[in-house]
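What follows is a set of notes on a single structure, which appears directly below.
Just so it is clear, none of the values below were taken in a lab; they were calculated from the coordinates. Keep in mind it's a predicted model, so treat the numbers as computed, not measured. Quick reminder, even Gly has a Cβ in these numbers, built from the backbone with ideal geometry, and neighbours come from all protein chains shown.
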Amino acid sequence: MVFGMAEQILQDGSAKGMKLLYRLGRVVFRAMGRWYFHWKVQNPERVPATGAAILASNHASYLDPPLIGSALDREIHFLGRASLFKNRFAAAVLRAVNCVPVDREGGSPGGLKRVVQLLRHGNAVLLFPEGTRTPDGQLHHAEAGVGLLVLKCDCPVVPIGIWGMHEAYGRHMKFPKPGRVTISFGMPMDFSVVRSRTQNCSKSELKEAYQFVADEIMRAIANLRLVTSDRADPS
């Protein structure tokens, strides 16, 4: 009965109620970032304040999405495995915090369509080019799907590097432990030139372009490890 009431509140169509839950989560995870993970957040202002944007990050932990989201003042959208939405209450909570169901980073036609719709409505969407959490703390090969999305949607791509989460709560761990985490936001990337060159090319050339874009994004993420300028926590 309690779950049913909570579900009704979350699904009553109240944008105000959904924003409240999102903001509450942001407060909770900012506190976790500051006090438990001793985080340092670098250049969050590089994320556009408005308009469509793809946020592309390496992936080490289940906590990457809420920590990255809580580092920003702007609301962003997240992607979640469709299986997580099978429970009605869980699905209502996930949707209330801007999480949408997809299969493997929008790899299915339905998932791709959802992400494209979000971007075309001026939202910011967090993607993980590697497709899954790193097993060893290292950066891994990017899937071409993120390149497809970038070329399909005319919007900036902000590379993000999150370091220290594999040690604090990697896929080999049942519970998170205190650590030192850094979230670095890179300069927005523009792929309009690549996009224009793929207007009349073959399928094989398109696939190469998708992978090229995905690889360039991962290269930008890797370069963020080298950033050594002053860092500041979000206010």
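Some points to look at:
- Relative contact order, percent, the chain [alpha-carbon distance under 8 Å, six or more residues apart]: 28
- Long-range tail of P(r) for the chain (Cα pairs > 33 Å, %): 16
- Which of CYS201, CYS153 has the fewest Cβ neighbours within 10 Å, and the rest in rising order: CYS201, CYS153
- Each residue, SER196 and LYS177, gets one label point 7 Å from its Cα in the Cβ direction; the gap between the two is 5.3 nm.
- By other beta-carbon atoms within 10 Å, ranking THR198, THR132 with the fewest at the front produces THR132, THR198.
- Here r is the Cβ-Cβ distance between VAL93 and THR50 and R0 is 25 Å; the resulting FRET efficiency, rounded to 0.05, is 0.45.
- For the residue pairs LYS40/LYS177; LYS86/LYS152; LYS19/LYS113, the C-alpha atoms sit more than 21 angstrom apart in LYS86/LYS152; LYS19/LYS113.
- Max mean-square fluctuation residue, GNM over the chain, Cα-Cα springs under 10 Å, options GLY131, GLY179, GLY161: GLY179
- Proxy reagent accessibility, fewest Cβ within 10 Å first, across TRP35, TRP163: TRP35, TRP163
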